[in-house]
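This report concerns only the one structure given below.
We did not get these values from a lab; they are worked out from the coordinates using the rules stated. Predicted model, so just to flag it, every value in this text is computed and none were measured. Every residue, glycine as well, gets a Cβ built from its backbone with ideal geometry; the counts of neighbours run over all protein chains shown.
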Amino acid sequence: MAHMLLPDDVLSYHDDVFYDLVRDKCGIVVEEMFQLQNIRSVQPLLRINDVVDFINYDSAELTALKKMVGFELQNGKFQIKAGIRFDVDTFIEALRNVNDKLLQPMSTDHQRDDLTISQEFLVKHPLLKTVIEFYLTKDNNDNGSNLSFLTVLIDNIIQNLALPKNAYRYNERVQKFAMSLYILAGRNAYEFVRMNIPGAIPAVSTIQLSLDREESQIIEGFFASLPNMALSDRDDAFEVSVPVNWT
């Protein structure tokens, strides 16, 4: 499949900006096809299994759209034009590549290992001084393993804050933490954490897309026991320990 170049911030496109991009990359016919289906942004497009599946629906309201993007066969059915299918598939594949790149774990390599920081600079940026003191304490702490995820999270946040928002990257462990937080706490709590700790966890749409691509069917923040089903016996089940006073 041909490679299509897209802007780095394409995942945030919606409405007119999104349609302008579609028209530029795929043509006016595909743009109108998306508009008629009320596909207004990148994320909903990526969550649709087959954007041309409407061709199989028996509806008079879709006849005009079908004629625009396909050929009518003698049996009354329609066949999507090869060029339309190619443009749409190439466009969606390029969007998925951008999204996958966003989800790639960050590299922890540093270009320099001889960096010297002046005392004046530390005074000017007390947060940096606190972070350095934290890492010095961690190195001398026997419980360093208990802080391993915390250090990963802090490192991830600091690296992200040095980048534009559309270039944020998330460590693999942070991604797993974010998915667990979304599942256990629900969307509202997840959004609250993300809003108050910039650069810490991915957007909700990114988490939902990851779950969809894994074909995970999860109800956020829902826990139950069923009398006729031993959920704890399933290989894919997990147990959550809660304080005694919660029961």
**Item:** Net lengthening on full extension, residue 121/residue 191 (0.36 nm per residue, minus Cα-Cα)
**Value:** 21.8 nm
**Message:** Once R0 is set to 45 Å, what does the formula 1/(1 + (r/R0)^6) return for the Cβ-Cβ distance between residue 16 and residue 136, expressed as a FRET efficiency to the nearest 0.05?
**Reply:** 0.30
**Request:** Starting from the Cα-Cα distance between residue 4 and residue 71, subtract it from 0.36 nm times their residue separation and give me the gain in nm to one decimal.
**Result:** 21.5 nm
**Among 83-89, 176-182, the order from most to least packed when residues are scored by Cβ within 10 Å on average** = 176-182, 83-89
**Message:** For the stretch 10-103, what does the relative contact order come out to in percent, with C-alpha contacts under 8 Å and a separation of six or more?
**Reply:** 30 percent
**Complete:** Once residue 100 and residue 213 are pulled to full extension, the length gained, defined as 0.36 nm per residue separation minus their Cα-Cα distance, is 39.6 nm
